[in-house]
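Below: one structure, written as structure tokens.
The values are calculated or read from the model by the stated rules, or taken from the named source; none is laboratory data. All values derive from a computational prediction rather than experimental measurement. Methodologically, a virtual Cβ is constructed for each residue, glycine included, from the backbone with ideal geometry; neighbour enumeration extends over all protein chains shown.
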Number of protein chains: 2
Amino acid sequence: MHPHPANTEAHFTGSAVVRDVIIGMSDGLTVPFALAAGLAGVVTSSFLVLVAGLAEIVAGSIAMGLGGYLAARSDQEHYHAELAREEREIQAVPELETQEVREVLAGYGLRDEPLENAVGAITADHRRWLDFMMRNELNLEPPDPRRARNSAATIGFSYIAGGILPLAPYAFKVPVMTALLWSAVLTLVALLVFGAVKGRFAGVSMAKAALQTALVGSLAASAAYFLARLVNGLV
Amino acid sequence: MHPHPANTEAHFTGSAVVRDVIIGMSDGLTVPFALAAGLAGVVTSSFLVLVAGLAEIVAGSIAMGLGGYLAARSDQEHYHAELAREEREIQAVPELETQEVREVLAGYGLRDEPLENAVGAITADHRRWLDFMMRNELNLEPPDPRRARNSAATIGFSYIAGGILPLAPYAFKVPVMTALLWSAVLTLVALLVFGAVKGRFAGVSMAKAALQTALVGSLAASAAYFLARLVNGLV
């Protein structure tokens with residue numbers, strides 16, 4: 001509840017990791033499952049479904065993990081570029097930047113002398129002036145420098161963890177439709193549990209989040225299954 | 001440059017759409033390409049690669065599009081839940097919430113009378129008081145209510161647009177390795193162009209962003225190709 005920098009940081013890092021696990025595992029549980037379901041509709045070899053699913057997990061975890069790394073790096077570069085620009089503007093056109101502080105504070109209801117006193121206090125210190133402009137004009141918080149690497153690893157491994165489960169049944173020597181059935185049951189249970197946990201972290205209804213998450217997975221898998229059968233039937 | 005609500009909104013919506021296109025197209029250009037490359041290493045039928053790729057595009061676009069929808073909806077619910085909580089706290093423990101406004105402003109360098117006057121001005125109006133706490137204590141901006149639906153559509157269609165290109169060569173009656181070669185060339189060019197555009201929007205070096213994006217795609221495809229061959233060789 002206190003705007004103390006250390007607390008904000010801890011809170012930010014915690015929720016960023018949870019967010020990364022959710023990003024990786026959402027797609028990891030859904031896409032390899034749906035792809036495998038789609039292929040199971042057109043091939044008779046469980047082994048081929050397994051190979052395709054594993055290729056997808058590798059491709060997806062690298063694309064999402066490295067994508068997360070580059071996105072976080074790009075956020076950092078964006079923040080520092082904006083910070084440098086704002087710093088130059090404070091040096092070059094201090095009256096204009098002072099006026100912007102005044103407008104923000106006027107928006108919060110300050111008028112006349114209290115307004116001028118507050119503007120004076122904030123613009124008296126360059127570091128605070130910058131921080132105030134970054135938060136209140138540009139809505140940017142200082143990014144965590146370790147975030148890029150952690151984000152990549154968390155998203156990538158969550159994708160792999162999510163993707164292995166739906167593929168496991170295809171590794172057994174059973175008919176491909178039996179494997180599909182087991183894959184669907186396992187994934188549905190996993191999506192319900194994962195959705196509930198996700199809802200809890202987001203502070204929304206767990207039951208609703210569980211059903212929504214399971215629905216997305218089922219829709220994706222059904223669409224992939226019917227499209228694969230349709231395309232296959234066309235030839 | 002002005003913190004006027006209408007401007008902030010327009011800026012926010014614009015960059016949110018760009019962000020969604022980038023999210024969808026990054027993965028759309030990378031994952032179906034990499035999956036197809038992986039399968040091309042172990043099957044001789046271009047058609048099977050095409051079916052698997054299309055199944056992946058359908059699954060991926062639904063998972064990412066609906067995932068984006070639910071994430072945006074969850075952001076909105078989170079914002080409104082926090083807003084309601086903050087509102088209850090202002091009613092229940094106004095002294096505590098006034099003290100929090102004081103701490104934020106003290107962090108910006110206000111002291112003594114100017115500080116008390118500013119605290120008085122902000123806490124005189126409940127709406128402003130709430131807005132100030134949301135931005136400066138919780139770092140939350142009001143979400144755009146149309147965002148969830150737009151986000152879903154933008155991410156989903158960008159994924160499809162990105163994924164169709166790498167698969168196109170497999171639709172021709174050519175040997176699977178010829179299709180793979182064409183797919184790699186087309187995708188590499190597309191990733192370089194897309195990376196450069198992405199870099200431009202993020203305000204970072206276009207050449208660097210182009211090379212990074214192409215590298216992620218190449219790594220994902222190579223890993224999928226070698227894993228598929230490895231697993232296939234084991235049986």
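Could you look through the range A:1-35, keep only residues that are within 16 Å of A:I160 (Cβ to Cβ) and more than 10 Å from chain B (Cβ to nearest Cβ), and pick out the one that is modelled with the lowest pLDDT?
Per the stated criteria, the residue is A:D20.
The selection criterion, being at pLDDT 80 or above, more than 7 Å from chain A (Cβ to nearest Cβ) and surrounded by 17 or more Cβ atoms within 10 Å (Cβ to Cβ), does not hold for B:G68. Taken together, B:F157, B:F172 contain a single residue that is buried (at least 17 other Cβ atoms within 10 Å of the Cβ), more than 9 Å from chain A (Cβ to nearest Cβ) and aromatic (F, W, Y), which is B:F157.
Of the residues making up the range A:217-235, those that are of a type in the set (A, V, I, L, M, F, W, C) and under 24 Å from A:L165 (Cβ atoms) are A:L219, A:A220, A:A221, A:A223, A:A224, A:F226, A:L227, A:A228. The set of residues from the range A:162-178 being closer than 15 Å to A:L54 by Cα and not in a loop (DSSP other than H, G, I, E, B) comprises A:G162, A:G163, A:I164, A:L165, A:P166, A:L167, A:A168, A:P169, A:Y170, A:A171.
Scanning the range B:38-53 for residues that are at the interface with another protein chain (Cβ under 8 Å from one of its Cβ atoms) and either in contact (Cβ under 8 Å) with a residue 60 or more places away in the chain or of a type in the set (D, E) (or both) yields a count of 6.
Considering only residues in the range B:201-232 that are surrounded by fewer than 19 Cβ atoms within 10 Å (Cβ to Cβ), more than 7 Å from chain A (Cβ to nearest Cβ) and more than 18 Å from B:M177 (Cα to Cα), the one that is modelled with the lowest pLDDT turns out to be B:F201. In the range B:81-125, of all residues being hydrophobic (A, V, I, L, M, F, W, C), surrounded by fewer than 17 Cβ atoms within 10 Å (Cβ to Cβ) and more than 16 Å from A:Y108 (Cβ to Cβ), the one that is nearest to the other protein chains (Cβ to nearest Cβ) corresponds to B:A81. How many of the residues in the range A:179-199 are crowded, with 22+ Cβ neighbours inside 10 Å and either touching a residue at least 24 places away in the same chain (Cβ under 8 Å) or closer than 17 Å to A:L50 by Cα (or both)? Adding up the residues that qualify gives 7.
When the range B:43-63 is limited to residues that are among the β-branched types (V, I, T) and surrounded by fewer than 21 Cβ atoms within 10 Å (Cβ to Cβ), the one that is nearest to A:A59 (Cα to Cα) turns out to be B:V43.
Can you spot a residue in the range B:48-59 that is more than 22 Å from the chain's Cα centre (by Cα) and not in a helix (DSSP H, G or I)? No, the range B:48-59 has no match at all. For beta carbons closer than 9 Å, sequence separation of 6+ or different chains, a first residue in the range B:134-154 that is closer than 21 Å to B:A84 by Cα and touching a residue at least 24 places away in the same chain (Cβ under 8 Å) and a second that is assigned to a loop (DSSP other than H, G, I, E, B) and of a type in the set (S, T, N, Q), the qualifying pairs are B:E141/A:N139. Scanning the range A:83-120 for residues that are in contact with a Pro (Cβ under 7 Å, 6 or more places away or on another chain) and either at pLDDT below 90 or among the hydroxyl-bearing types (S, T, Y) (or both) gives A:V104, A:G107, A:P114, A:N117, A:A118.
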